[in-house]
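What follows is a single structure, written as structure tokens, with notes after it.
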Amino acid sequence: DDGGTYVGSRRAGKLHAVIDNDKDHVADEVILIDDGLQLPSGIAYKDGDLYVGAVSTIYRYSDIANTRAQSPRPVVITDKLPTEEHHGWKYLKFGPDGKLYFPIGAPFNICDAGDPFATILRMDVETLGEPEIVARGVRNSVGFDWDPKTGDLWFTDNGRDLLGDDIPPCELNHLTEVGQHFGYPYFHGAGIADPEFGAKGGELADYRQPALTLGPHVAPLGMTFYSGSQFPESYRGDVILAEHGSWNRTPEAGPIGYRLIHARQDRGGLQYDVFIDGWLNDAGSRWGRPADVLQLPDGSLLVADDEAGAIYRVSYSGAT
């Protein structure tokens, strides 16, 4: 409401406020709130306070709108999370239950490290109780949101590497019961047994299957359910999702992803099409990588591009 958008820069270790003072949707100033943080990619906002995930630690910056220009000192919410950096960066979001949700990714490409790795957790930031695991078998989720109609949690998950150019697919998943297991490291996609761990996983039926399989290695990150009124009615309640793009496909196969997709319910189930592309040019080289999407109060979307170092606003003014 104060015109501030808060941004964590993972490798730079910095936390910024990007301020639109005159509400014209263009930033007028950028304020450095903090630096020297460990991979501070996870950002959440609640009741005037800013929460930042930095691998093993989650911080709270109180009354951020009135303190952001004074290099505020944060309060530690927890510093007991795993210290591994590989898939250790966080994505933070408050759920409908008022609790803070965040992932703890697998510490390797493929492994069976046990709890709390490869999970999504939640904790009460008021009582500061122990985090509770809500989903298991999640290799590396860097984006989730709740369906405004059902209140169910949906999340992205990055498929494992080094099985070839075309498998396994990345995933969009749907949690219907706390504690469900989504397959990693035993199964990938819609039932692809892992060559190392598949025989140890028991029956495929014991695991929750993806709601939607995406392209291999497209690296889905941030997502949101569109609930605004600016875009056409056909987008209402649908998912907009950022595909960060592949890094390990061979030159012969070519890179894929580097786009936003629109996932929607259709007669045949969940389907998706391209919402925005163009970050990958026809020659197969990239100039940007979309990492997250955020809905503004007016129904437009912000898109973070962590390769170009930019934030874009996507708006709709009617059919042309």
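The values are calculated or read from the model by the stated rules, or taken from the named source; none is laboratory data. Remember, it's a predicted structure, so these values are computed and weren't measured experimentally. For neighbour counting, all protein chains shown are included, and Cβ atoms are generated from backbone atoms with ideal geometry for every residue, glycine included. In case anyone asks, the SASA skips ligands and DNA or RNA and just uses the protein heavy atoms, side chains included. Shrake-Rupley method; radii C 1.70, N 1.55, O 1.52, S 1.80 Å.
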note = Of those in the range 159-199 that are among the acidic types (D, E) and farther than 26 Å from A263 by Cα, the residue surrounded by the most Cβ atoms within 10 Å (Cβ to Cβ) is D194
query = Of all residues in the range 66-89, how many are open to solvent by 40 Å² or more (accessible area, probe 1.4 Å) and not in a loop (DSSP other than H, G, I, E, B)?
reply = 5
inquiry  = Whether any residue in the range 270-277 is open to solvent by less than 10 Å² (accessible area, probe 1.4 Å), among the β-branched types (V, I, T), under 30 Å from A319 (Cα atoms) and not in a loop (DSSP other than H, G, I, E, B) is what I want to check.
reply    = no
inquiry  = Tell me whether the range 43-55 contains one or more residues that are under 21 Å from S141 (Cα atoms), touching a residue at least 12 places away in the same chain (Cβ under 8 Å) and open to solvent by 50 Å² or more (accessible area, probe 1.4 Å).
reply    = yes
remark   = Of the residues in the range 92-123 that are closer than 22 Å to T150 by Cα, in a loop (DSSP other than H, G, I, E, B) and not hydrophobic (A, V, I, L, M, F, W, C), the one that is nearest to the chain's Cα centre (by Cα) is G95
query = Can you tell me which residues in the range 128-142 are open to solvent by less than 30 Å² (accessible area, probe 1.4 Å) and on the phi > 0 side of the Ramachandran plot?
reply = G137
key: Subset of the range 36-59 [assigned to a loop (DSSP other than H, G, I, E, B) and within 12 Å of P74 (Cα to Cα)]   = L37
key: Residues of the range 288-298 classified as modelled with pLDDT of 95 or more and either assigned to a loop (DSSP other than H, G, I, E, B) or more than 17 Å from the chain's Cα centre (by Cα) (or both), total   = 2
note = With criteria (1) surrounded by 14 or more Cβ atoms within 10 Å (Cβ to Cβ); (2) not in a loop (DSSP other than H, G, I, E, B), R208 comes up short on (2)
query = Does at least one position in the range 253-261 carry a residue that is aromatic (F, W, Y), open to solvent by less than 60 Å² (accessible area, probe 1.4 Å), at pLDDT 95 or above and not in a loop (DSSP other than H, G, I, E, B)?
reply = no
request  = Consider only pairs whose beta carbons are under 6 Å apart and that are at least six residues apart or on different chains; among these, list those whose first residue lies in the range 156-168 and is under 14 Å from Y184 (Cα atoms) and whose second residue is surrounded by 14 or more Cβ atoms within 10 Å (Cβ to Cβ) and of a type in the set (G, A, S).
outcome  = T156/S141; T156/G143; D157/S141; N158/A219; P168/G159; P168/G189
ask   = Mind checking which pairs have a first residue in the range 279-308 that is without any contact (Cβ under 8 Å) to a residue 24 or more places away in the chain and a second that is surrounded by fewer than 21 Cβ atoms within 10 Å (Cβ to Cβ) and polar (S, T, N, Q), Cβ under 8 Å, 6 or more apart or different chains?
value = W287/N281
